[in-house]
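I have placed the structure first, in the form of structure tokens, so that the comments after it can refer back to it.
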Amino acid sequence: MINPEEFLAFLKERRSIRSYLDKVIPDNEVEMILEAGRWAPSASNKQPWEFIVIKNKEILREISKKAFYGKHIKRAPLAIAIVGKINENPNYYVQDTSLVSMNMMLMAWTLNIGTCWLGSMDREKVKKLLGLGRNDFLLTILSMGYIKGKIPKPSLRKDLDAIKKEIK
Ligand SMILES: Cc1cc2nc3c(=O)[nH]c(=O)nc-3n(C[C@H](O)[C@H](O)[C@H](O)COP(=O)(O)O)c2cc1C
């Protein structure tokens with residue numbers, strides 16, 4: 001089991017990373033990230049998802065053109081599109097795939113691989129580029145790569161007192 005204090009410190013240390021070294025991520029590390037995603041929980045354990053590993057530089061550049069706040073993706077050696085299969089879990093595919101993304105980001109961080117969510121993009125155009133159809137929900141494209149430069153300072157979080165309520 002993981003030490004709880006260390007785990008909390010690990011969670012606090014993770015940052016979204018948008019600058020990457022021009023260095024290939026070996027297949028065994030990509031597999032570990034995918035494996036972490038595969039072990040995410042899902043409603044009724046339906047696992048309504050598919051992961052697309054994108055290494056093609058031209059496709060990454062095309063995605064970045066269709067992104068509103070995602071120029072970082074063209075600098076990444078690799079990205080993983082997390083796709084929800086809508087008809088496999090119609091009420092929960094968003095939650096299920098979101099949990100996948102967190103597992104992948106945390107696994108990557110243990111490998112010194114930084115990730116960043118791409119949420120703001122022209123989804124329909126990117127879906128077309130990836131050959132996705134009507135039953136496919138494109139949650140995000142997680143760019144990833146070894147961290148270039150310094151890890152950015154912690155992004156702020158709301159105080160716990162401001163968000164915590166208790167029912168006694
Ligand atoms: C649903 C969602 C969508 C996001 N979309 C983008 C995006 O389009 N481009 C980007 O650079 N970062 C994106 N992010 C990353 C957030 O900006 C980042 O997680 C947030 O500022 C907190 O910083 P941290 O991840 O370093 O703690 C997204 C994150 C989430 C959870």
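Just checking, does the stretch 97-109 include any residue being over 25 Å from Ser44 (Cα atoms) and touching a helix residue (DSSP H, G or I) at 6+ places or on another chain (Cβ under 6 Å)? Before you say what the answer is, go through the steps one by one.
Here is the first cut: in the stretch 97-109, the ones over 25 Å from Ser44 (Cα atoms) are 108-109.
Narrowing the set further to residues that are touching a helix residue (DSSP H, G or I) at 6+ places or on another chain (Cβ under 6 Å) leaves 108.
Looking through the stretch 97-109, at least one residue is over 25 Å from Ser44 (Cα atoms) and touching a helix residue (DSSP H, G or I) at 6+ places or on another chain (Cβ under 6 Å).
From the residues in the stretch 1-22 that are touching a Lys or Arg at 6+ places or on another chain (Cβ under 9 Å) and of a type in the set (Lys, Arg), which one is farthest from the ligand (Cβ to nearest atom)?
Initial filter on the stretch 1-22 (touching a Lys or Arg at 6+ places or on another chain (Cβ under 9 Å)): 12, 15, 17-22.
Remaining after also requiring of a type in the set (Lys, Arg): 12, 15, 18.
Values: Lys12: 9, Arg15: 4, Arg18: 6 Å.
Filtering the stretch 1-22 for residues that are touching a Lys or Arg at 6+ places or on another chain (Cβ under 9 Å) and of a type in the set (Lys, Arg), the one farthest from the ligand (Cβ to nearest atom) comes out as Lys12.
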Next on the checklist: Can you tell me how many residues within the stretch 61-94 are closer than 19 Å to Phe137 by Cα, open to solvent by less than 10 Å² (accessible area, probe 1.4 Å) and in a helix (DSSP H, G or I)?
Outcome noted: 2
Next on the checklist: Among the residues of the stretch 130-168, what is the count of those that are surrounded by 10 or more Cβ atoms within 10 Å (Cβ to Cβ), within 16 Å of the ligand (Cβ to nearest atom) and either aliphatic (A, V, I, L, M) or assigned to a loop (DSSP other than H, G, I, E, B) (or both)?
Outcome noted: 10
Item to check | Given (1) within 16 Å of the ligand (Cβ to nearest atom); (2) under 23 Å from Ile33 (Cα atoms), number of the condition Lys57 does not satisfy | outcome: (1)
Checklist entry - Here is a list of conditions, (1) in contact with a helix residue (DSSP H, G or I) (Cβ under 8 Å, 6 or more places away or on another chain); (2) modelled with pLDDT of 95 or more, and Gly131 meets all of them except one; can you say which number that is? => result (1)
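Tell me which residues, restricted to the stretch 36-56, are within 19 Å of Ala76 (Cα to Cα) and either in a loop (DSSP other than H, G, I, E, B) or not aromatic (Phe, Trp, Tyr) (or both).
Taking the stretch 36-56 and keeping what is within 19 Å of Ala76 (Cα to Cα), we get 51-56.
Result: Ile52, Val53, Ile54, Lys55, Asn56.
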Item to check | Residues within the stretch 1-47 that are open to solvent by 80 Å² or more (accessible area, probe 1.4 Å), among the hydrophobic types (A, V, I, L, M, F, W, C) and in contact (Cβ under 8 Å) with a residue 12 or more places away in the chain, tallied | outcome: 3
Next on the checklist: Pairs needed: first member in the stretch 113-128, more than 9 Å from the ligand (Cβ to nearest atom); second member anywhere, of a type in the set (Val, Ile, Thr) and assigned to a helix (DSSP H, G or I); C-beta distance under 6 Å; at least 6 residues apart or different chains.
Outcome noted: Val126/Ile63
Checklist entry - Which numbered condition trips up Gly131, out of (1) on the phi > 0 side of the Ramachandran plot; (2) touching a residue at least 24 places away in the same chain (Cβ under 8 Å)? => result (2)
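Against the definition (more than 16 Å from the ligand (Cβ to nearest atom) and in contact (Cβ under 8 Å) with a residue 60 or more places away in the chain), how does Glu50 come out, yes or no? Reasoning before the result, please.
Values: more than 16 Å from the ligand (Cβ to nearest atom): yes; in contact (Cβ under 8 Å) with a residue 60 or more places away in the chain: yes.
Criteria met by Glu50.
The values are calculated or read from the model by the stated rules, or taken from the named source; none is laboratory data. The model shown is predicted, which means the values in this text are computed figures rather than measured ones. As a convention, Cβ positions derive from the backbone with ideal geometry for all residues, glycine included, and neighbour counts pool all protein chains shown. All accessible areas refer to the heavy atoms of the entire protein, side chains included, with ligands and DNA or RNA removed. Shrake-Rupley method; radii C 1.70, N 1.55, O 1.52, S 1.80 Å.
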